[in-house]
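The values are calculated or read from the model by the stated rules, or taken from the named source; none is laboratory data. From a predicted model like this one, the values you see are computed outputs, not experimental measurements. Every residue, glycine among them, receives a Cβ derived from its backbone with ideal geometry; neighbour counts consider all protein chains shown.
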Amino acid sequence: MKEIKELFAIIPNYPGLNICLVDDGSFDVCDDFVKLCEEKEATLFLKDLKGRYKDLESSQYLKVEKFDFEDRRYNNHSVLYDFIFLCCDVPKDKRVDVLKKFYRVLKNAGDIYLFFEDDPIDTRELLEGVNYVAVNEIDSMGSRHIVSAKKMHGWMKV
């Protein structure tokens, strides 16, 4: 997908990055993310919402994990991810809780990218309400908007 590849330009070429992709199959981006992580020597934590990727084998650069928004915690470490991409539909009634859980596992100065069908202004207010800063609409992909936000060092815990 061309738009995703253009978005990859923001990811620095630092080996050892940890990138989280939450995927429900709405976009065909998994292969692009795997290739990106191999090129950048980064680890992709693929959180599989619908069991679509159960046949993918984990490797040095790919960790496939079954995932559910109801999970108590979103990883076994307190902070792990440099980048989080939510390429899925998060139910409206769970969004605040989901964003808080991802806030806890995102490294300071880490970025989160959300793909929403909602109005970007509503998404901005939602993100700011959960302590994300530097919220920006990046682009639109059909009816979906790509919105970015950042977790800043020293901001209160949620």
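Within segment 64-76, residues that are over 18 Å from LYS92 (Cα atoms) have Cβ atoms under 9 Å from residues that are among the small types (Gly, Ala, Ser) and in a loop (DSSP other than H, G, I, E, B) in these pairs: VAL64/SER58; GLU65/SER58; LYS66/GLY51, counting only partners at least 6 apart in sequence or on another chain.
A search for C-beta distances below 6 Å between a residue of segment 13-31 that is farther than 24 Å from ALA109 by Cβ and any residue that is in a loop (DSSP other than H, G, I, E, B) and charged (D, E, K, R), counting only pairs 6+ apart in sequence or on different chains, returns ASP24/LYS50; GLY25/LYS50; GLY25/ARG52.
Each residue in segment 138-158 was checked for being in a strand (DSSP E or B), surrounded by fewer than 15 Cβ atoms within 10 Å (Cβ to Cβ) and modelled with pLDDT under 70, and 1 pass.
Under the condition of being at pLDDT 85 or above and under 22 Å from GLY110 (Cα atoms), the residues counted in segment 72-95 number 12. Within segment 36-63, the residues that satisfy the criterion of being over 20 Å from LYS107 (Cα atoms) and surrounded by fewer than 16 Cβ atoms within 10 Å (Cβ to Cβ) are GLU38, GLU39, LYS50, GLY51, ARG52, LYS54, ASP55, LEU56, GLU57, SER58, SER59, GLN60. Scanning segment 64-91 for residues that are more than 28 Å from LYS5 (Cα to Cα) and either of a type in the set (Phe, Trp, Tyr) or exposed (fewer than 12 other Cβ atoms within 10 Å of the Cβ) (or both) yields GLU70, ARG72, ARG73, ASN76, HIS77, SER78.
One line per residue, one yes/no per condition, for (1) farther than 23 Å from ARG72 by Cα; (2) among the hydrophobic types (A, V, I, L, M, F, W, C); (3) exposed (fewer than 14 other Cβ atoms within 10 Å of the Cβ):
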{"position": "ARG95", "(1), (2), (3)": "no, no, no"}
{"position": "VAL98", "(1), (2), (3)": "no, yes, no"}
{"position": "TYR103", "(1), (2), (3)": "no, no, no"}
{"position": "ASP111", "(1), (2), (3)": "no, no, no"}
{"position": "LEU126", "(1), (2), (3)": "no, yes, no"}
{"position": "GLY129", "(1), (2), (3)": "no, no, yes"}
{"position": "TYR132", "(1), (2), (3)": "no, no, no"}
{"position": "ASN136", "(1), (2), (3)": "yes, no, yes"}
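The set of residues from segment 1-40 being closer than 21 Å to LYS66 by Cα and basic (Lys, Arg) comprises just one member, LYS35.
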